[in-house]
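The values are calculated or read from the model by the stated rules, or taken from the named source; none is laboratory data. Just so we're clear, the structure is a prediction, and the values are computed from it rather than from any experiment. Cβ placement follows ideal geometry from the backbone for every residue including glycine, while neighbour counts extend to all protein chains displayed.
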């Protein structure tokens, strides 16, 4: 039989035997394999010894995955890349500043360009008689309801009812 030919089967049989879960045929198979391979017999005896397991668990307790990873990186000639974190407050400050600039820019745009349409639209369309004239005495004349002759003389408007 080749050395370590059935390593996984041997390990499964040893596990069942040590935990007391092996049936009669599995126990006989394990004994047969132990008789054929003296190295397997030594491993099985070490596993039965509680001191061996205690020492192995003590070694495992002292194991540091971070130190092992750093050692691995050093062996291959690399180092772990450092992550540069920008402060969160700095990003928040820039976000607030951008929002303020947008609000100011929008209000400036609306104050300068938003009212041009209202100013450029005439209240009375030329040639249409749909206007109201308010006279200095407070009376209002609807041009489209009454037929009124309006005479424009410079700045003054005179009307004749007629």
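Of all the listed residues (69, 109, 63), the sole one being modelled with pLDDT under 80 and out of contact with any helix residue (DSSP H, G or I) (no Cβ under 7 Å at 6 or more places or on another chain) is 63.
Within the range 18-52, which residues are in a helix (DSSP H, G or I), touching a helix residue (DSSP H, G or I) at 6+ places or on another chain (Cβ under 7 Å) and within 18 Å of residue 6 (Cβ to Cβ)? Passing the criteria: 18, 26, 27, 29, 30, 33, 34, 40, 41, 44, 47.
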